[in-house]
Amino acid sequence: MSLQALWMTHRSMTADPSLKEVKLKPGTVKRIFTFAKPYRSSIVIFLITVVIDAALIITTPLLLMRLIDDGVIPNNAELVTQLALAVGLIAIADALMSMLGRYFSSRIGEGLIYDLRTLVFAHVQRQSIAFFTRTQTGALISRINSDVMGAQQAFTATLSGLLSNVVSLVLVGVTMMILSWQITIFSLILLPLFLIPTKWVGKKLQYLTRESFNVNAEMSSTMTERFNVSGAMLVALYGKAKVEGEYFRSRARRVADIGIKMAMLNRLFFIALTSVAAIATAFAYGIGGHLAINGALSVGTLLAITALLARLYGPLTALSNVRLDVMTSLVSFERVFEVLDLEPMVKDRQGAIDYQAKNPCIAFNDVSFTYPRAEEISLASLESVAKAETVDSGEVLKNLSFVAEPGTLTALVGPSGAGKTTISALIPRLYDVTSGSITIDGHDIRDLSIESLRQSIGVVMQDAHLFHETIAQNLRYAKTDATYEQMKSACEAAAIWKLIGSLPNGLDTMVGERGHRLSGGEKQRLAIARLLLKSPSVVILDEATAHLDSENESLVHTALENALKGRTSIVIAHRLSTVRNADQILVLDAGRIIERGTHEELVQLGGLYCDLYTRQNLTGSTNQNPSINN
């Protein structure tokens with residue numbers, strides 16, 4: 001039995017047997033073939049090479065038979081030379097077919113991987129933020145990597161293996177029956193001796209493989225969480241390095257123990273198959289030898305049959321698990337399709353228009369909103385992606401109405417959970433309203449293309465996110481063709497250029513993961529510079545100065561004044577002293593606007609705003625926090 005046949009048999013035996021019982025969705029197979037259309041010619045050529053390669057299997061033993069019977073025994077030196085050359089040429093032809101097949105196999109496989117990965121990545125990018133709040137990153141990465149790799153094998157390893165094994169089995173079986181039906185029948189009777197060790201070892205390997213995957217997944221999760229800046233800092237601050245080390249060592253030890261068991265079982269698997277094949281060959285020699293002595297069989301035929309026998313058991317054993325091989329590939333495709341079939345909750349309406357607002361008016365009209373349930377935004381079949389909800393979020397916003405006039409600053413204040421951040425998420429359509437409407441210059445934002453809407457909006461969050469790239473690359477995320485002068489101008493307006501200029505690499509300085517090489521204030525000012533580079537007509541600030549010290553807050557406020565100048569602005573503020581100069585302040589509680597007006601009007605009203613402001617004023621926050629002016 002060849003090494004390739006052994007490997008194919010091993011792959012079949014270690015696959016998850018439960019996949020045999022999986023019910024595919026109607027139309028899955030038809031849909032799979034649509035992905036093969038661009039590679040039709042390559043697949044045809046590939047399958048032709050597989051068939052030719054399989055057919056060449058029987059030629060060498062048959063030539064060997066003639067070489068012995070018609071060349072060596074009759075002392076025909078010329079025929080021996082011709083047949084020996086023919087065997088050599090067939091070996092070269094076989095190698096060429098193998099190389100050609102590998103070339104087309106890799107073209108098909110890598111092409112499918114590229115197509116599926118880019119398709120899944122682009123589709124996931126279009127999902128709403130709600131999808132990512134429910135989804136485990138590792139599960140999605142698995143779809144893009146493992147399942148895509150498994151899917152492409154449907155057209156490479158599985159299809160080629162099936163065709164090759166069928167052709168080989170038919171040709172070898174028919175040839176052996178013609179040469180000696182007695183040895184062929186006896187060889188088939190010995191087949192269970194092949195299947196018994198493969199089934200037993202296969203079950204053991206399936207269990208160990210699953211456990212190895214699980215433990216490795218735990219180790220990967222541990223490393224992912226502990227090897228980022230925040231995780232490493234938490235471990236260091238709480239002095240848990242020893243505990244973490246012991247936990248990781250226990251997992252790593254378990255993986256090592258499983259690896260040893262799998263190595264021994266794999267060796268046992270290959271030894272068992274090769275030993276049984278050797279025993280079968282020995283029986284064939286014994287039976288065939290007696291037939292040759294009695295004149296019922298020639299010596300060349302005996303040698304040809306024993307050579308063919310080694311090519312019989314591999315295809316038979318592999319085909320015994322062909323259903324599992326096919327289902328493994330089809331299920332991988334279906335798991336990829338599940339992601340592709342998940343419709344984004346927020347998407348462009350048919351006929352959506354591009355609209356670039358210059359100095360827009362934003363209006364909320366009886367807006368109510370409830371966060372979507374898990375089953376509406378995620379896939380329960382994505383392993384642990386979706387977890388059952390025990391409590392519904394309820395109505396977060398209730399019949400909300402207000403207008404942010406062009407070029408004005410509207411502040412949103414109130415206790416935690418009042419709905420402030422939800423309002424800021426609805427304007428750029430990170431979520432869609434449940435009822436009512438939001439308009440920009442009279443246009444329902446759902447009638448505008450998402451791309452043009454978000455191009456008009458700039459957001460600075462409480463914890464500004466920076467990619468693990470250079471300062472310039474982070475800035476150019478807002479404007480890919482930004483020049484050095486444009487970036488410098490934006491950074492000067494954001495009061496961050498002095499710092500950048502003092503760095504040895506300037507704009508080419510790496511900011512570290514999530515920008516951890518910068519302080520909180522520096523990250524915020526860099527985020528504001530990025531916003532200024534985008535030059536949006538609407539600015540949303542979600543507690544952008546909440547956790548800054550007084551010095552950094554003063555610098556950020558200077559930057560914010562430049563960012564808000566002449567733009568329609570929505571500012572969420574925890575420190576009320578920072579929004580005293582807002583054109584209007586909306587006080588929210590339990591999803592409703594309970595007060596609205598200017599700072600002076602709300603203080604005189606003596607309601608919730610006055611109470612919050614008085615309490616903060618007593619702590620001395622008024623003297624420390626400058627106000628944002630529009």
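The values are calculated or read from the model by the stated rules, or taken from the named source; none is laboratory data. Because the structure is a prediction, the values reported are computed rather than measured. Cβ: placed from backbone, ideal geometry, glycine included. Neighbour counts: every protein chain shown. Surface areas here come from the heavy atoms of the whole protein model, side chains and all, with no ligands, DNA or RNA. Shrake-Rupley method; radii C 1.70, N 1.55, O 1.52, S 1.80 Å.
State all residues of segment 30-56 that are farther than 28 Å from L308 by Cβ, open to solvent by 60 Å² or more (accessible area, probe 1.4 Å) and among the aliphatic types (A, V, I, L, M); if no residue qualifies, say none. Residue satisfying the conditions is V44 alone. Confirm whether R429 is part of a helix (DSSP H, G or I) and buried (at least 18 other Cβ atoms within 10 Å of the Cβ). Here the answer is no, as R429 does not meet what is asked. Taking first residues from segment 82-105 that are more than 30 Å from Y39 (Cβ to Cβ) and partners that are of a type in the set (A, V, I, L, M) and surrounded by 12 or more Cβ atoms within 10 Å (Cβ to Cβ), the Cβ contacts under 6 Å between residues at least 6 apart in sequence or on separate chains come to L83/L63; L83/L67; A86/L63; V87/L63. Among the residues of this structure, S320 counts as one that is at pLDDT below 85, over 30 Å from K398 (Cα atoms), open to solvent by 10 Å² or more (accessible area, probe 1.4 Å) and of a type outside the set (A, V, I, L, M, F, W, C). For segment 46-82, a tally of residues being of a type in the set (V, I, T) and over 30 Å from A157 (Cα atoms) returns 5. Any residue in segment 279-294 that is closer than 16 Å to K203 by Cα and open to solvent by 40 Å² or more (accessible area, probe 1.4 Å)? No - not one qualifying residue is present in segment 279-294.
Among the residues making up segment 597-615, those that are over 19 Å from L409 (Cβ atoms) and either open to solvent by less than 70 Å² (accessible area, probe 1.4 Å) or at pLDDT 85 or above (or both) are Q604, L605, G606, G607, L608, C610, D611, T614.
Across segment 24-80, the number of residues qualifying as among the small types (G, A, S), assigned to a helix (DSSP H, G or I) and within 21 Å of V336 (Cα to Cα) comes to 1.
Quick check: is even one residue across segment 499-517 closer than 30 Å to T422 by Cα, modelled with pLDDT of 85 or more, crowded, with 22+ Cβ neighbours inside 10 Å and not β-branched (V, I, T)? No, segment 499-517 has no match at all. Of all the residues in segment 393-421, those that are in contact with a Phe, Trp or Tyr (Cβ under 6 Å, 6 or more places away or on another chain) and either among the basic types (K, R) or more than 18 Å from P372 (Cα to Cα) (or both) number 3. How many of the residues making up segment 445-491 are within 16 Å of Y355 (Cβ to Cβ) and among the polar types (S, T, N, Q)? Residues that pass the stated criteria total 4. The numbered conditions (1) farther than 23 Å from K565 by Cα; (2) outside any helix (DSSP H, G or I) are all true for Q462 except (1). Applying a threshold of 7 Å to beta carbon distances and a minimum spacing of six or more residues, or different chains, the list of pairs starting in segment 325-337 at a residue that is more than 21 Å from S160 (Cβ to Cβ) and ending at one that is among the β-branched types (V, I, T) and open to solvent by 20 Å² or more (accessible area, probe 1.4 Å) is empty.
If I filter segment 311-318 for residues that are in contact with a Pro (Cβ under 9 Å, 6 or more places away or on another chain) and part of a loop (DSSP other than H, G, I, E, B), do I get at least one hit? Walk me through how you get there before you give the answer.
Step one: filter segment 311-318 for residues in contact with a Pro (Cβ under 9 Å, 6 or more places away or on another chain), giving 311.
Filter again for part of a loop (DSSP other than H, G, I, E, B), leaving 311.
Scanning segment 311-318 turns up at least one residue that is in contact with a Pro (Cβ under 9 Å, 6 or more places away or on another chain) and part of a loop (DSSP other than H, G, I, E, B).
In this structure, A380 does not qualify as at pLDDT below 90, assigned to a loop (DSSP other than H, G, I, E, B) and open to solvent by less than 60 Å² (accessible area, probe 1.4 Å). Scanning segment 504-514 for residues that are touching a Lys or Arg at 6+ places or on another chain (Cβ under 8 Å) and under 25 Å from A425 (Cβ atoms) turns up nothing. Would you check which residues across segment 572-606 are without any contact (Cβ under 8 Å) to a residue 24 or more places away in the chain, in a loop (DSSP other than H, G, I, E, B) and farther than 23 Å from D366 by Cα and list them? If the condition is that a residue be without any contact (Cβ under 8 Å) to a residue 24 or more places away in the chain, in a loop (DSSP other than H, G, I, E, B) and farther than 23 Å from D366 by Cα, then G606 is the only one that fits. Listed conditions (1) open to solvent by 30 Å² or more (accessible area, probe 1.4 Å); (2) in a helix (DSSP H, G or I); (3) at pLDDT 85 or above are all met by K479, apart from (2). Criterion applied to T578, T622, T558, T545 was being at pLDDT below 85 and under 38 Å from the mean Cα position of the chain (by Cα), and the one residue passing it is T545. The set of residues in segment 75-132 that are under 16 Å from M149 (Cβ atoms) and exposed (fewer than 15 other Cβ atoms within 10 Å of the Cβ) comprises S106, E110, Y114, T118, F121. Per the listing A411, A418, A363, the residue uniquely under 19 Å from L541 (Cβ atoms), modelled with pLDDT of 90 or more and either under 36 Å from the mean Cα position of the chain (by Cα) or outside any helix (DSSP H, G or I) (or both) is A411.
Which one of M176, M149 is open to solvent by less than 40 Å² (accessible area, probe 1.4 Å) and touching a helix residue (DSSP H, G or I) at 6+ places or on another chain (Cβ under 7 Å)? The match here is M176.
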